[in-house]
Amino acid sequence: MTQISKESTSSQKDDLFESPTITPNDIWRSDKLEKISPSFPEYNDYTKNITWAGGGSPMEGEDFIFSRNSNLYYLENDYHFLAIDQNNQRPYTNKSLTLGRNASGNVVAQLDLFTNFALTDEAKQKYADKNIPVVPNGIELADIPNYVMNWINRYTQCSFDIVYSKDITTDSNHLRYNPTYSKIDQKAHPSYGYLVSQVVHTPPAFTQRKFDYTENLSVYENYDLAYPNPLNYDVSYTKNRPTWYYFFNNFHALIKLENGTYRSATYLRFHGSFTTPASQRNGYGLNHDFTMTDEAKTIYQNYYYHIGVNQSVDYAIDWLNQYTKEEVLIVYSTNITNDLKRLNDGTATVGKGLNNQGKLVNCII
């Protein structure tokens, strides 16, 4: 049931009746609205700022869709049901939820056929009588979405929420594999500004130094295997999922080893993923791995993701230079084999020079 205080209604009474643009969902979002529990001793508002339609289909782009005569509830507009198993902390997500009794009269609470909620002992006892409805008929239509959310949280062995996400697979994986760096929190909706639950992922703190590794180099940020470098850039990578960084036009990654000798490669590789920690298997070329520092192993051994997602090439190289025992630089060379030999013989050094386009870049001179 919902209730609005007399003070707030009396002061705005005329406006409410004179304005034809106010809808039930406008009132539902009002901070003057007081939510009163229909039946739960601990009642939480899981549907704040989430609009609803109780006719089985959206009427004006609502978020939470249901029908009083159906056990099916589903979400629109990039909202998702998110359940976290209290026993193993594993997250499960779906756009739809089934809550009610099946044809045999048994309580059914599930996200899909393979994701059933385990009921608490209290629920098994309270709802043992098959004539007791899971969602009472007397519940007001506007209270049903929040009643359903509170029911799942009280009577099943999971925590349950509605989250906004443009990429629920990634967000769910962060909750599963990076629980130290991820949480569900209230955050402004990206389009409308009001607060909604979202998965907030904060990677390990890293301060990038102000060193321009790509000075005067062109960088392509949409690498694709079929079209790796369509515009002949000097560096090519996929910014939103940067696993490999490729170098073209006689540019190379120059790697100085801990013993002072040099190697080169035409690409750098990062293997951080939801199955591989960010501290493992990062390397250059086909067969060489970077040697991570003890600090890096401590910080990133339990962080399962790409460290450079949506970051620049400079960010990735600076991360390597801070957290590996090697040093990395991008250099221009038309004969890298000979230039490496000269570097390792001590007859060459790294400095600024002109490439074939007359740009001042790092060279072996």
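Per the listing 254, 217, the residue uniquely within 26 Å of residue 339 (Cα to Cα), assigned to a loop (DSSP other than H, G, I, E, B), of a type in the set (A, V, I, L, M) and modelled with pLDDT of 95 or more is 217. Residues in the range 173-207 that are in contact (Cβ under 8 Å) with a residue 12 or more places away in the chain, in contact with a helix residue (DSSP H, G or I) (Cβ under 9 Å, 6 or more places away or on another chain), open to solvent by 70 Å² or more (accessible area, probe 1.4 Å) and within 19 Å of residue 323 (Cβ to Cβ): 202 alone. Looking at residue 98, is it part of a strand (DSSP E or B) and closer than 15 Å to residue 71 by Cβ? Spelling it out, residue 98 is indeed part of a strand (DSSP E or B) and closer than 15 Å to residue 71 by Cβ.
Of all residues in the range 264-304, those that are touching a Phe, Trp or Tyr at 6+ places or on another chain (Cβ under 6 Å), of a type in the set (S, T, N, Q) and without any contact (Cβ under 8 Å) to a residue 24 or more places away in the chain total 1. Scanning the range 64-73 for residues that are open to solvent by less than 10 Å² (accessible area, probe 1.4 Å) and part of a loop (DSSP other than H, G, I, E, B) yields a count of 1. Among the residues in the range 147-162, are any over 30 Å from residue 107 (Cβ atoms), surrounded by 14 or more Cβ atoms within 10 Å (Cβ to Cβ) and touching a residue at least 60 places away in the same chain (Cβ under 8 Å)? No, the range 147-162 contains no residue that is over 30 Å from residue 107 (Cβ atoms), surrounded by 14 or more Cβ atoms within 10 Å (Cβ to Cβ) and touching a residue at least 60 places away in the same chain (Cβ under 8 Å).
Which one of these does residue 125 not meet: (1) in contact with a His (Cβ under 8 Å, 6 or more places away or on another chain); (2) open to solvent by 40 Å² or more (accessible area, probe 1.4 Å); (3) polar (S, T, N, Q)? In the conditions (1) in contact with a His (Cβ under 8 Å, 6 or more places away or on another chain); (2) open to solvent by 40 Å² or more (accessible area, probe 1.4 Å); (3) polar (S, T, N, Q), residue 125 misses (1) alone.
Of the residues 245, 262, 267, 284, the single one that is modelled with pLDDT of 95 or more, under 26 Å from the mean Cα position of the chain (by Cα) and hydroxyl-bearing (Ser, Thr, Tyr) is 245.
Residue pairs whose Cβ atoms lie under 8 Å apart, separated by 6 or more positions or on different chains, with the first residue in the range 342-365 and at negative phi and the second surrounded by 17 or more Cβ atoms within 10 Å (Cβ to Cβ) and of a type in the set (Phe, Trp, Tyr), are 343/262; 344/262; 353/332; 355/332; 361/251; 361/332; 362/332; 363/332.
The values are calculated or read from the model by the stated rules, or taken from the named source; none is laboratory data. Source: prediction; values computed, not measured. We place every Cβ from the backbone using ideal geometry, glycine too, and count neighbours over all the protein chains shown. Remember, those area values only see protein heavy atoms, side chains included, never the ligands or the DNA or RNA. Shrake-Rupley method; radii C 1.70, N 1.55, O 1.52, S 1.80 Å.
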